[in-house]
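For reference, the structure discussed in these notes is given below.
The values are calculated or read from the model by the stated rules, or taken from the named source; none is laboratory data. Nothing here was measured: the structure is a model prediction, and the numbers come from that model. Cβ sites come from the backbone with ideal geometry, for glycine too, and all protein chains shown count toward neighbours. Accessible surface is based on the protein model in full, side chains and every heavy atom, while ligands, DNA and RNA are left aside. Shrake-Rupley method; radii C 1.70, N 1.55, O 1.52, S 1.80 Å.
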Amino acid sequence: MNKIPVIIDDKSFEVDPHKTILEVCRELDIEILTMCHLKGLTDIGACRLCLVEVEGINKLLSACTTKVAANMVIKTQTERIKKYQRITTELFFADRNHVCAVCVSNGKCELQNLGYKVELDRIRYPHLFPQCEVDTSHPWYVMDHNRCIMCTRCVRVCNEVEGAHNWDVMNRGHQVRIISDFNTPWGESSTCTSCGKCLHACPTGAIWPKAIVQGQLEKNPGMVNELVERRKMKL
Amino acid sequence: MDKRKIFISPVTRIEGHANITIELDDNGNVSDALFHVNEFRGFEKFCEGRMYTEMPTITPRICGICPTSHTLASVKACEMIQGIQPTYTANLLRRLMHIGQNLSSHALSFFHLSSPDFLLGYDSDPAKRNILGIAEKFPDIAVRGIRLRKFGQELSERITGKKIHIMGIVPGGMAYPLTEENRKALLEWIPEAIETVQLGINIIKKFHEDNPEMVASFANSPTLYLGTVGPGGEHELYDGKLRFMDGDGIILQDQLDPAKYLDFIAERSVNWSYLKYPYYKPYGFDKGFYRVGPLARLNVCSRMKTPLAQEEFEKFKHMSGGKPVHGTFYYHYTRLIEALSDVEDAERILNDPEVTSLHIQHHGRWNYAEGIGSSEAPRGTLFHHYKTDETGKLLKVNLLIATGQNNPSMNRSVLEVAKQYVKGDDIKEGMLNRVESTIRCYDPCLSCSTHALGQMPMVIEVRDRKGELVKRVERN
Ligand code: SF4
Ligand code: SF4
Ligand code: FES
C-alpha cells in the first residue's frame, strides 16, 4: 500500500493511509494520552484526552477517531492541548467520588496514572459528590459507579468481543450511568456471561473482582486486543 | 440536686485541641469533668453500602498510629463472614506486624511524647520539653527511641513494603511472604531493641522512686479492666479471648468470645462527645466503666509469654500484692513491659521455621451475613462488627475503638486532677501540665495527644451549675 507523507511535531514521516492519527503516533512512539481508547475496540472519541492540533483546522481533533491524510501537519504537544488535557483530567476526578487511598485500584489505575502524567496537584472545579450506587449483586464482580469515568470500554468489549451486550449507557449529563441489561442489578442479568472481559477493559477501580483486596488487583486490558487478533487468525 | 444540661456549642470545640469542660457546684467546688472527643470521622456511616472486603483497606485510615490493629480486626471480621481461618504462616506474619505497630506506638508514646517529662522534669522550659530537648541533653536516649520506632516500622515494611497504612493483610492470610533476607535483617535488631526497652524501664522506675507522691496521686481509683488473654490466661495482643476483671482483681468473666461482645458490652451515646460510651453490661452504665490498654492488659493477664517480660511482670504484680494496679501513671511502665514482651516474641516468631513459608493465604467468599473481629490496639481492645446483605454489601458497621472505651476513665482521671487544682474561677498553677500528663497516660489516639513537639494544645472551660462560663483557659 502506498504510504503518505505527514508532519508530526515538526518531523516528516511516511505513514499508512486509512490509519488514525493515534495508531500512527503509537507506531512512531509519539505519546498521546488516551482513556476511552482500548486497542481492539471501536474508537468513539468520548474522553477527549487524545486531542491534537491539525494545521488548517481551528478546533482540536481526537486522534483516536481522525484518520491521517496526505500532507497533514499535526501537533501533539502544544500548550493548548496540555491545557485541555489537564481540564479533562480534573473533571474526571470532580465528577464522581474517587478516594484513591482506599480504592482497590490504587497504584494500578489508568486514571490515577493520568493524574500523574498531567501533574495534577489540585482540582479547580467543585466536586459534585454524586450519590452513586455500588452494585454488588454479581456473584464474582463489583460495579462501583463512584469510580466510573464513562469511557464505555466495558460496554464495547461486552458488545464487540464477547457479543453479550450486557452493558449499555443510560441518561445524559451528570445523570449518565452505565447500566446492566435494562437497568437491573448486574447479578440478575440475562445477558452477562460472567466472562470478566469488562473487568479487564475497565481502566479504573469501577469494576473489580470480589475475591481481592487493595494491592491484589491485576487487570490485563491488552488481553482484549489479543483476543481480537487471534479471532482474525482463525478466519 | 437536679442535674442540669450542658451544651457544648460547636465553636468551643477546637479540632486538634484537648477540649475539657469542668463543672462546678453551688459552692464553686468541682463536681464533674468532661474530656470531649471531637475526632469522629463518620467512618461507620460512610462504610455502609460498600463491599465488606474493602473494610481492611478503609478502616486503617481511621488512625495513623494503629492501622494494623484496625486491619487485623477487620480481616478477622471478614474471615468470619467467609467462614475461613488464616494459614499458620499468615498468623505468624500478622503477629510480627502487630508487634511492629505496638512497638512503634509504645516507643512514640514513651520516648517521644512522655520521656521529656521524666528526664527533663515537668517544670522545665516547655519549649525544650520535647524529643529535641532530649536529643540535646540525652542524645543516646533520643536516638535509641527513634531507632526502636524504626524497628517497629521495619517489621511491617519488610513484610509488606509499607511502613504505615499497610497493604498485605488480607482476608484468609497475607498477600506477601517474608523472605529469608528480610527475616535475617529483622533478627539483627533484637539485641538492640531489648536494651532500649530496658533502658526505658530503668528511666520510668527511677522516676517512680524519685517521685513517689506524684506517681501515687495520679488518678488512682479502681475501675474494671478488659483485655485479651491466651488460653492459659497469658498476655495476648493478636488473637485470644477476653477477660473482665474488677478493681479487686476478681475475674468477672473469662475466655469470652470476642464475637459475642454485645453480650457483655453495651454502648450509650452522650450528647457532649462524638464517641460512644461503652460499659460492662452486667454492671450497668453507672458502675460498669472499664479501662483497656497496656495497664488493663497487664492487670487482667496471669502471666507474660516471654522470660524477660515475665520477670518484669512479677515486679509489677508485686507492687500491689498481686492486685490490679489502678494508678494511671503506671500505664507508662506497663507499656514498656509490653514492649519487652513484643521484642522477645518477635525473636521467637522470626526463628519459627514456618515463618518464611509461601503458604500464606486461604481463599474464601461470602458465606455468612455477619462478621465480628477484635484485636488489641496499642491503646486497647478494638472491635469491628459488620452486617452485610447476601451479596456482601455492608448494611451496618459498628466500630468500638480503644480510646472510646477509655473515655469514661479519662473523664474520671481529669476530674480527679480538677478537684485538686480548681476552686471556683481559681485555677492553680500547673493545672494544664497536670491535665496534659494525665491524658498522656492513656495515650489517646486523638490529634491533640500526638503533637510531638511543644505542649498539648488545650481548651479548658470552667462552668457553673447553670452552665454559665466562669473561666476559659486556652493553650495553643
Ligand atoms: S479508580 Fe483510580 S482514580 Fe479512582 S479512586 Fe480508584 S485509584 Fe483513584
Ligand atoms: S465501568 Fe469502567 S470501563 Fe465501564 S465505563 Fe466505567 S470506567 Fe469505563
Ligand atoms: S482516546 Fe480518543 S477520545 Fe478518548
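Give me the Debye-computed log₁₀ of I(q)/I(0) at q = 0.05, 0.10, 0.11 Å⁻¹ for the protein assembly as shown, equal point scatterers on Cα only, no solvent, two decimals. Cα-only, vacuum Debye calculation for the protein assembly as shown: -0.31, -1.01, -1.14.
Shape summary: the stretch A:86-222 maps onto an equivalent ellipsoid whose semi-axes, from the alpha-carbon gyration tensor, are 24, 17, 14 Å in decreasing order.
Between B and A, buried accessible area from a 1.4 angstrom probe totals roughly 1500 Å², ignoring ligands, DNA and RNA.
Which trypsin sites (Lys or Arg not before Pro) from the stretch B:62-162 combine a DSSP loop assignment with at most 14 other Cβ atoms within 10 Å? Before the final figure, lay out the partial values.
Values: sites: B:76, B:94, B:95, B:128, B:129, B:137, B:144, B:147, B:149, B:150, B:158, B:162; in loops: B:128, B:129, B:162.
The qualifying sites are B:128, B:162.
Comparing each chain alone with all protein chains together (probe 1.4 Å, DNA, RNA and ligands left out), the residues of the stretch B:369-400 losing at least 10 Å² of accessible area are B:391, B:393. With every protein chain in place and a 1.4 angstrom probe, the accessible-area ranking of A:39, A:219, largest first, reads A:39, A:219.
Heavy atoms only, probe 1.4 angstrom, no DNA, RNA or ligands counted: give me B:176, B:368, B:277 ranked by accessible area, highest first.
Working: B:176 75, B:368 130, B:277 25 Å².
Highest to lowest solvent-accessible surface, that is B:368, B:176, B:277.
Quick one: plug the Kirkwood hydrodynamic radius of chain B (C-alpha pairs) into Stokes-Einstein at 37 °C, 0.692 mPa s, and report D in µm²/s. Could the numbers behind the result be given before it?
Details: Rh = 22.8 Å.
Approximately 144 µm²/s, per Stokes-Einstein.
Given the convex hull of the Cα atoms of the stretch B:346-461, what is a quarter of its surface area in nm²? The partial results should precede the final answer.
Values: hull surface 49.6 nm².
So the Cα hull casts an average projection of 12.4 nm².
In the full protein context, the stretch A:4-77 carries 50 Å² of accessible surface per residue, based on a 1.4 Å probe and ignoring ligands, DNA and RNA. Distance between Cα centroids, the stretch A:153-203 to the stretch B:364-392: provide it in whole Å. For the stretch A:153-203 versus the stretch B:364-392, the Cα centre distance is 32 Å.
Computed with a 1.4 Å probe over protein heavy atoms only, the accessible surface of the stretch B:124-219 comes to 47 Å² per residue. Roughly speaking, what % of Cα-Cα pairs in the stretch B:106-149 are separated by over 18 Å, rounded to a whole number? Tail of P(r) above 18 Å: 14 percent of Cα pairs. Measuring heavy-atom accessible area with a 1.4 angstrom probe and counting protein chains only, the residues of the stretch A:187-220 that give up at least 10 Å² relative to the chain alone are A:208, A:210, A:211, A:213, A:214, A:215, A:216. Remark: the residue B:320-residue B:303 segment gains 4.6 nm on full extension, using 0.36 nm per residue and subtracting the alpha carbon distance. Solvent-accessible area assigned to carbon and sulfur over chain B amounts to 52 percent, based on a 1.4 Å probe.
For the stretch B:178-292, what D do you get in µm² per second when you plug the Kirkwood radius from alpha-carbon pairs into Stokes-Einstein at 37 °C and 0.692 mPa s?
Answer from the Stokes-Einstein relation: 184 µm²/s.
Using only Cα coordinates, the Kirkwood hydrodynamic radius of the stretch A:4-77 works out to 12.2 Å.
Taking all protein chains in place and a 1.4 Å probe, what share, in percent, of the accessible surface of chain A do carbon and sulfur account for? Numbers along the way, then the final one.
On the way: 6320 of 12060 Å².
It is 52 percent, rounded to a whole number.
When both the stretch B:77-120 and the stretch B:44-69 are represented by their alpha-carbon centers, they are found 17 Å apart.
From the C-alpha coordinates alone, can you work out the Kirkwood hydrodynamic radius of the stretch B:60-196, in Å?
Working: mean 1/r = 0.0617 Å⁻¹.
With all distinct Cα pairs of the stretch B:60-196 included, I get 16.2 Å.
Inter-part distance, the stretch A:43-77 to the stretch A:12-38, computed on C-alpha centroids, equals 10 Å.
In the structure shown, the pairs B:423/B:471; B:241/B:315; B:276/B:396 are assessed against 19 Å; a Cα-Cα span above that value is assigned to B:241/B:315. Along its principal axes, the stretch B:304-343 has C-alpha extents of 25, 18, 10 angstrom, given from the largest down.
Pairs B:260/B:287; A:210/B:387; B:206/B:419; B:184/B:305; B:287/B:317: which are spaced more than 19 Å apart, C-alpha to C-alpha? From the list (B:260/B:287; A:210/B:387; B:206/B:419; B:184/B:305; B:287/B:317), the Cα-Cα distance tops 19 Å for B:260/B:287; B:206/B:419; B:184/B:305; B:287/B:317.
Return one whole number: the accessible area per residue of the stretch A:86-222 in Å², for a 1.4 Å probe. Walk me through the numbers on the way to the answer.
Working: 6160 Å² over 137 residues.
That works out to 45 Å² per residue.
Only protein heavy atoms count here; under a 1.4 Å probe, residue B:469 has an accessible surface of about 90 Å². Among the residues of the stretch B:44-92, those with an accessible-area drop of 10 Å² or more from chain alone to full protein complex, heavy atoms and 1.4 Å probe, are B:49, B:50, B:51, B:53, B:54, B:57, B:58, B:61.
Count of lysine pairs in the stretch A:4-77 with Cα atoms under 15 Å apart, counting only pairs 8 or more residues apart in sequence or on different chains?
Working: A:11/A:75; A:19/A:39; A:19/A:67; A:59/A:75; A:67/A:75.
Lysine pairs meeting the criterion: 5.
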